[in-house]
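A short worksheet on the structure shown next.
The values are calculated or read from the model by the stated rules, or taken from the named source; none is laboratory data. Owing to the predicted nature of the structure, the values given are computational and were not obtained by experimental measurement. Please note: Cβ atoms are built from the backbone with ideal geometry, for glycine as well, and neighbour counts cover all protein chains shown.
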Amino acid sequence: MKRNKSLLFLALSLIGFGGGYFILKIYNCGYSIFCYDLFSKVGDPLFYGIGALAIIFFVLLFIPKAIPQWKKFAKWFIPIATLIFIFYPNPGSGDLFSPFPEQIFQWVSILYVFVSLMIIGYSTRKS
C-alpha cells in the first residue's frame, strides 16, 4: 500500500515538475512584465520545490519502510517552505546580499532533499 501511494505521489510531483519546466523554459510571455512576474512566482516553486519532492518520492518508492520517519519531517518542512516560496519578496536593494527568489527556491529545495535523504538513510540503517 505504501508503495502505491509513493508511486502516485511520484507521478503527481513529476506532473508538477513538468508544469514548472513548461512555465519557465518553454512558454514565452513575450515582453509582458506582469506575465513574467506571475509565471516566475508560479514556475520557480513548481520547478524547484516539486522537483525536490519527486526525488524523495522516487527514493521512497524503493525504501517504503522509511516513510513514517520521513513523514514526520515533511509535515513541518513542506508548509514552511511553501510559505517561504509564497511570501519571499523580490530583491529591492540590488546589492549582492539580497538573493533572487530563484536562488532561495534552489537553496530550500537542496536543504529539503539533503535532510530527507539523511532521515531516510538513518531510518533504513536503524531498522
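Kindly establish whether L53 is surrounded by fewer than 18 Cβ atoms within 10 Å (Cβ to Cβ) and at pLDDT 85 or above.
no
Looking at this structure, is A81 buried (at least 18 other Cβ atoms within 10 Å of the Cβ) and at pLDDT 90 or above?
Considered against the rule, which asks whether it is buried (at least 18 other Cβ atoms within 10 Å of the Cβ) and at pLDDT 90 or above, A81 comes out as no.
Could you go through the range 8-22 and let me know if any residue there is among the aliphatic types (A, V, I, L, M), at pLDDT 85 or above, in a helix (DSSP H, G or I) and surrounded by 19 or more Cβ atoms within 10 Å (Cβ to Cβ).
Yes; the residues of the range 8-22 include at least one that is among the aliphatic types (A, V, I, L, M), at pLDDT 85 or above, in a helix (DSSP H, G or I) and surrounded by 19 or more Cβ atoms within 10 Å (Cβ to Cβ).
Whether any residue in the range 106-127 is modelled with pLDDT under 85, charged (D, E, K, R), surrounded by fewer than 10 Cβ atoms within 10 Å (Cβ to Cβ) and over 23 Å from F47 (Cβ atoms) is what I want to check. I'd like the intermediate steps shown before the answer.
Start the filter on the range 106-127 by keeping residues that are modelled with pLDDT under 85, which leaves 126-127.
Imposing the further condition that a residue be charged (D, E, K, R) reduces the set to 126.
So of that shortlist, the ones also surrounded by fewer than 10 Cβ atoms within 10 Å (Cβ to Cβ) come out as 126.
Next, from what is left, pick out any that are over 23 Å from F47 (Cβ atoms): 126.
Looking through the range 106-127, at least one residue is modelled with pLDDT under 85, charged (D, E, K, R), surrounded by fewer than 10 Cβ atoms within 10 Å (Cβ to Cβ) and over 23 Å from F47 (Cβ atoms).
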